[in-house]
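J.: Questions regarding the structure given below will be posed in turn.
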Amino acid sequence: MTDQPQVVDRQVRVGWPAAVTSSRLEADDPRSLGWPVADRTDVPRETGVLAPPARTRILAVANQKGGVGKTTTTVNIAAALAQSGQRVLVVDLDPQGNASTALAVDHTEGTPGVYDAVVEGKHVREVVREAPHLPGLVVVPASIDLAGAEIDLVSLVARESRLHRALTAYLSEQADEGHRFDYVFIDCPPSLGLLTLNALVAAAEILVPIQCEYYALEGVGQLMRTVDMVRAHLNPKLAVSTILLTMHDARTRLSAGVADEVRAHFPDQVLRTTIPRSVRISEAPSHQQTVLTYDAGSTGALSYLEAARELAARAPGLEGAA
Ligand SMILES: Nc1ncnc2c1ncn2[C@@H]1O[C@H](COP(=O)(O)OP(=O)(O)OP(=O)(O)O)[C@@H](O)[C@H]1O
Ligand SMILES: [Mg+2]
C-alpha cells in the first residue's frame, strides 16, 4: 500500500457505528488498514469509505472441524460488507442450510438451490435469491437435497470443478450486465469431501475460522495438506489468505493461549480482530437474521464489522482473484 490512501472510482459511504469509525480508527493507523478516513476532509467523522476490490474476491470459508463459526462468519462478514455498499454473493454449500436460514432465504426441501447448479447443471441465475434484510446481498441457498450431492457428484465429469464452472458463468454474466460482485463467500460443510473440494477449486482465497478452544489447531494441518493438494493439481491460485479467531473469551487464559498459538503459526494470516463469544451472535439465526441486523450496536456486530473492514483492507488474494 502506498503512503497516500488511494481514491477509487467507486467510493461508498458507510454508516459504521461511531465506536468503529472514530475512536477505533483513531487508535489504529487508518492507512495501515487501508481506510482513508482520518486523511480525508470530505468524509464526515462518523462515516468510513470502503473501496471495492479491484476484482471479485472469492473466498471459501472452510474448516472441517464442526461448529467453529464458519456459517456465523460467512453471513456476518457478508452482511457487513453488503451494508457498506459492496455487492456480495453467499453460496450456501452445506446441506444443513444454516447460512440460508440466517439470511432469511427459503430453503425448504425441493427449493431450487446450489444442488441444482452443481449437480444438475442449472444456471446459477435461476436459483439465486436476494437476502430480504440486506440490499446488495444475494444468496445461492442450500436445502437438504444437497445431502445427496457428495454421492451424486462422484460419477459426474469434472466433479471437483462443477461449482467453479457454474459460478464463473454467473459472475461473468453479472459483470457483463453491469452488476459485478465484489465478494463471493462459500460456506463449506464440516468435512473435506467433494463439496468442500468444489469450494476450494472455485475460490482464490480461503478464510479459516478457528475457535479459541483446546484442540483448535487439530485438523488445521489436514486442511493445509488438502489445500496443498488442491493447489498442486486443481487450483494453483488458491491461498489461505485469512484466519479469524472466533468465540474468544477474554476472561479465560485458554482463549488467550490458543489465540497466541494460532498467531505464532500463522502470523500473516490471522486478523487482528477477534470475535468474542456473544449471546447476541448465537441468538440472531433463530430470528432469521445476522447479528448486524439483529443488534447492530452489540459487541458481536461491531467485531464482525471490524473483521470485515480488515478483510477488505488487506485484499491479499487480489492478484489471484477471479
Ligand atoms: N462468537 C460467537 N458467540 C457465541 N456463539 C457463537 C459464536 N459464533 C458462533 N456461535 C454459535 O456456535 C454454533 C456453531 O457456529 P456455526 O454454525 O457458525 O459453526 P459452523 O462451523 O458453521 O458449524 P458446522 O461445522 O456445523 O457448519 C452456532 O450455534 C452459533 O450460533
Ligand atoms: Mg456451518
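The values are calculated or read from the model by the stated rules, or taken from the named source; none is laboratory data. Computed from a predicted model, the values in this text were never measured in an experiment. Virtual Cβ from ideal backbone geometry, glycine too; neighbours counted across all protein chains shown.
J.: Just to be sure I understand, how many residues within region 78-109 are out of contact with any Phe, Trp or Tyr (no Cβ under 6 Å at 6 or more places or on another chain) and within 22 Å of N198 (Cβ to Cβ)?
T.: 16
J.: Taking region 84-105, which residues are within 19 Å of Y170 (Cα to Cα), in a loop (DSSP other than H, G, I, E, B) and touching a Leu at 6+ places or on another chain (Cβ under 6 Å)?
T.: L93
J.: Just to be sure, is I243 under 26 Å from L50 (Cα atoms) and assigned to a helix (DSSP H, G or I)?
T.: Values: under 26 Å from L50 (Cα atoms): yes; assigned to a helix (DSSP H, G or I): no.
No, not satisfied.
J.: Being at pLDDT 95 or above, away from ligand 2 (no atom under 16 Å from the Cβ) and in contact with a Gly (Cβ under 9 Å, 6 or more places away or on another chain) is the filter here; which residues of region 85-127 pass it?
T.: Q86, R87, V88, Y115, V119, V127
J.: What do you reckon, is A147 over 18 Å from the mean Cα position of the chain (by Cα) and at pLDDT below 95?
T.: Working: over 18 Å from the mean Cα position of the chain (by Cα): yes; at pLDDT below 95: yes.
Judged against the criteria, A147 is a match.
J.: Could you list, ordered by first residue, the pairs with Cβ atoms under 6 Å in which the first is in region 88-109 and assigned by TED's automatic domain parsing to the domain that holds T196 and the second is of a type in the set (K, R), at least 6 apart or interchain?
T.: Between residues of region 88-109 that are assigned by TED's automatic domain parsing to the domain that holds T196 and residues that are of a type in the set (K, R), the close pairs are V105/R129.
J.: Looking at (1) assigned to a strand (DSSP E or B); (2) farther than 23 Å from Y183 by Cα, can you tell me which one A259 breaks?
T.: (1)
J.: Exactly one of these conditions fails for Q289: (1) under 20 Å from the mean Cα position of the chain (by Cα); (2) modelled with pLDDT under 95; (3) surrounded by 17 or more Cβ atoms within 10 Å (Cβ to Cβ). Give me its number.
T.: Only one criterion is unmet by Q289, namely (2).
J.: Something else now. Go through region 113-219 and tell me which helices (runs of 4 or more DSSP H), entirely inside it, have 2 or more residues that are within 16 Å of ligand 1 (Cβ to nearest atom) and either assigned by TED's automatic domain parsing to the domain that holds E261 or crowded, with 16+ Cβ neighbours inside 10 Å (or both).
T.: Details: elements: 114-118, 149-154, 162-176, 194-202.
The qualifying helices (runs of 4 or more DSSP H) are 149-154, 194-202.
J.: All but one of (1) under 17 Å from the mean Cα position of the chain (by Cα); (2) exposed (fewer than 15 other Cβ atoms within 10 Å of the Cβ) hold for A313, so report the exception by its number.
T.: Going through the list (1) under 17 Å from the mean Cα position of the chain (by Cα); (2) exposed (fewer than 15 other Cβ atoms within 10 Å of the Cβ), A313 breaks only (2).
J.: Does any residue of region 280-293 turn out to be over 29 Å from M224 (Cβ atoms), away from ligand 2 (no atom under 16 Å from the Cβ) and touching a His at 6+ places or on another chain (Cβ under 6 Å)?
T.: Yes, region 280-293 has at least one match.
J.: State all residues of region 237-262 that are out of contact with any helix residue (DSSP H, G or I) (no Cβ under 9 Å at 6 or more places or on another chain) and over 18 Å from E306 (Cα atoms); if no residue qualifies, say none.
T.: R251, T252, R253, L254, S255, A256, G257, V258, D260, E261
J.: While we're on this one: Tell me the residue from L302, L238 that is of a type outside the set (F, W, Y), more than 15 Å from ligand 1 (Cβ to nearest atom) and surrounded by 19 or more Cβ atoms within 10 Å (Cβ to Cβ), please.
T.: Selected residue: L238, the only one of L302, L238 that is of a type outside the set (F, W, Y), more than 15 Å from ligand 1 (Cβ to nearest atom) and surrounded by 19 or more Cβ atoms within 10 Å (Cβ to Cβ).
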